[in-house]
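What follows is calculated from the coordinates using simple rules that are stated; it is not laboratory data. Keep in mind that this is a model prediction, so the values were computed, not measured. All Cβ positions, glycine included, derive from the backbone under ideal geometry; neighbour counts span all protein chains shown.
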Amino acid sequence: MKIFKVLPLLLCFMLLSCDDVFECMIGRNPSLPNKQFPIGTTEGYYYVDLSAEIKNEPRDNDYDYYFHVEGLPLGMDYFVNYRTISLEGTPEETGVFEITIYLDVDGPFRNNFDDDPDLLCNYSTSKSYTLVIE
């Protein structure tokens with residue numbers, strides 16, 4: 001019975017190069033952190049930041065990071081400083097907001113990396129966060 005569990009794995013090794021299989025098993029992907037946002041008010045300035053990374057990639061500083069945010073309340077905006085995205089401003093409305101942050105990476109951009117063009121399994125990700133404004 002165990003042979004039937006091992007057979008698909010062997011087939012994958014035969015069809016794909018070992019490097020591709022191992023890289024995707026390790027999971028080299030862009031990642032946004034799990035984070036609970038603090039509660040904000042319409043009477044004060046709100047600020048929270050998140051730092052992106054590429055999991056299991058020691059050279060994640062050699063990539064370019066591109067962010068896009070949807071769902072921010074009126075009065076708030078986002079700013080990017082390399083791998084860190086900051087959500088800030090004075091919210092103009094109360095409520096519970098579902099914020100989605102989209103991340104795309106490109107690269108790596110460094111000498112001698114051009115020989116290995118397929119380093120990541122995925123080059124984009126997104127994550128949703130809940131923002132409460134009272």
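Looking only at region 74-99, which residues have a backbone nitrogen under 13 Å from a spot 7 Å from the Cα of residue 49 in the C-beta direction?
Once the point is set 7 Å along Cα→Cβ of residue 49, 79-88 turn out to lie under 13 Å by backbone N, inside region 74-99.
Using label points projected 7 Å from each Cα along Cα→Cβ, tell me how many nm separate residue 126 and residue 56, to one decimal.
2.4
Quick one: if you stick a label point 7 Å off each Cα along the C-beta vector at residue 98 and residue 79, how many nm between them?
Inter-label distance under the simple model: 2.9 nm.
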